[in-house]
Amino acid sequence: MTVHTDTTRKPRFTAQTLATWILPVIIVGILAVMALVEPRFYSRLNIFNILRNFTLTSLLALAQALVMIVGGFDLSIGAIMAAGSVVAAVSMLALTEPFYSQPMLIISLGFGGALLVGCFAGAVNGILAAKLKASPFIITLGTMTVISGLTFWYTKGAPIYGTPSELVSEIGRGRLFGVPVIFWFGVVVMGLLLWLCTQTKFGRHIYAVGSNPSAARESGINPTRVLVVVYGLSGLLAAAAGLILTARLGSGQSGIGGDAAIQSIAAAVIGGVSLRGGIGSVPRVVMAALFLALMSNALNLAQIDSKFQTLVLGFFLIGFVAIERKFDRND
């Protein structure tokens, strides 16, 4: 059985090639300008902050990119991220007394519970998308509202404290080979997703379903299974992003993830993921996440108001969508 996917297309020039060549130039430009105008940019502490934020943005961007490649959208990413943070903190708090002498076991169990919840919430999105045949926007908007409502109802909007101190010292601010532990975690996840998308049969199925669900079904692929697994992976990655913030803050936060959906969509689109589905690559999305992390850090150092940063992000998103649509028409 041969499945023809968009990965075999050879267009003359597309938004993906634009992302491949323009993004590195912009990134180098940011690095050069900041070297000239802001010495703090290259301080060790700031570079660590960039690496941690880059990892967080990458996880969210890859979560959204997977769903977009399969032809959907996930607006519930931020809500799942917050739910993962709260579940992890509550679990650790409950386990502190029976396992008080084993902090790493407490942290591991708390992380495991949060990842399971994130995966389950994502899989529910996939089941609803496959069975209801409704717009992914509406489905994930609904689940986002439900998950956010449950999280705020349980926490009353207050942070959950009482996690082991090792969560922050060993993970949130910990280093391995002189580099933040969080960054190494992100590298492993990015490598696994690259392998999944490029070296496995299931990766080819993701692109096939995103390109043409009917043709994929006729080729023997089960689109429902692919959707459930991909949305489940998206929820898993969103929960992992929530764990990163929990480790950095040392508490569970129901208020995080407010702009996670827009950031993840922006990174995916800037990284060349097609709004039509079927096209996208892990390295380009990671590069777009690096671009956003650098841009955000540069604007913070320049003391630009966060609301203006959101405005800039919105303009970038509109611009890249316009470029994508232009090349889409030309093809």
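Observations on the structure shown:
- Residue match in segment 118-130 (condition: among the aromatic types (F, W, Y) and touching a residue at least 60 places away in the same chain (Cβ under 8 Å)): yes
- Filter result for G314 (assigned to a helix (DSSP H, G or I) and surrounded by fewer than 23 Cβ atoms within 10 Å (Cβ to Cβ)): yes
- Residues in segment 132-160 that are within 21 Å of N222 (Cα to Cα), open to solvent by 50 Å² or more (accessible area, probe 1.4 Å) and not in a loop (DSSP other than H, G, I, E, B): L132 only.
- Subset of segment 1-11 (residues that are open to solvent by 50 Å² or more (accessible area, probe 1.4 Å) and either of a type in the set (S, T, Y) or modelled with pLDDT of 55 or more (or both)): T2, T7, T8
- Counting only helices (runs of 4 or more DSSP H) that sit completely within segment 177-291, those holding 2 or more residues that are open to solvent by less than 10 Å² (accessible area, probe 1.4 Å) and touching a residue at least 12 places away in the same chain (Cβ under 8 Å) correspond to 181-199, 201-211, 223-249, 260-270.
- Positions within segment 15-69 being of a type in the set (F, W, Y) and exposed (fewer than 15 other Cβ atoms within 10 Å of the Cβ), in sequence order: W21, Y42
- Complete set of residues in segment 292-311 that are open to solvent by less than 50 Å² (accessible area, probe 1.4 Å) and out of contact with any Leu (no Cβ under 6 Å at 6 or more places or on another chain): L292, A293, L294, M295, S296, N297, A298, L299, L301
- Some residue of segment 99-111 being polar (S, T, N, Q), open to solvent by less than 50 Å² (accessible area, probe 1.4 Å) and part of a helix (DSSP H, G or I): no
- When A82, A121, A129, A94 are screened for being among the small types (G, A, S), modelled with pLDDT of 95 or more and either open to solvent by 60 Å² or more (accessible area, probe 1.4 Å) or over 18 Å from R248 (Cβ atoms) (or both), only A121 passes.
- Considered as a group, the residues in segment 277-313 that are within 16 Å of Q263 (Cβ to Cβ) and of a type in the set (S, T, Y) include one that is modelled with the highest pLDDT, and that residue is S296.
- Only one of the numbered conditions (1) modelled with pLDDT of 95 or more; (2) surrounded by 15 or more Cβ atoms within 10 Å (Cβ to Cβ); (3) not small (G, A, S) is not met by T163, and that is (1).
- For F291, the criteria (1) closer than 27 Å to Y42 by Cβ; (2) touching a Lys or Arg at 6+ places or on another chain (Cβ under 9 Å) hold in every case but one, which is (2).
The values are calculated or read from the model by the stated rules, or taken from the named source; none is laboratory data. Just so you know, these numbers come straight off a predicted model, no measurement behind them. Cβ coordinates were reconstructed from backbone atoms using ideal geometry, including for glycine residues, and neighbour counts include every protein chain displayed. Just so you know, the surface numbers come from the protein's heavy atoms only, side chains and all, with ligands and any DNA or RNA stripped out. Shrake-Rupley method; radii C 1.70, N 1.55, O 1.52, S 1.80 Å.
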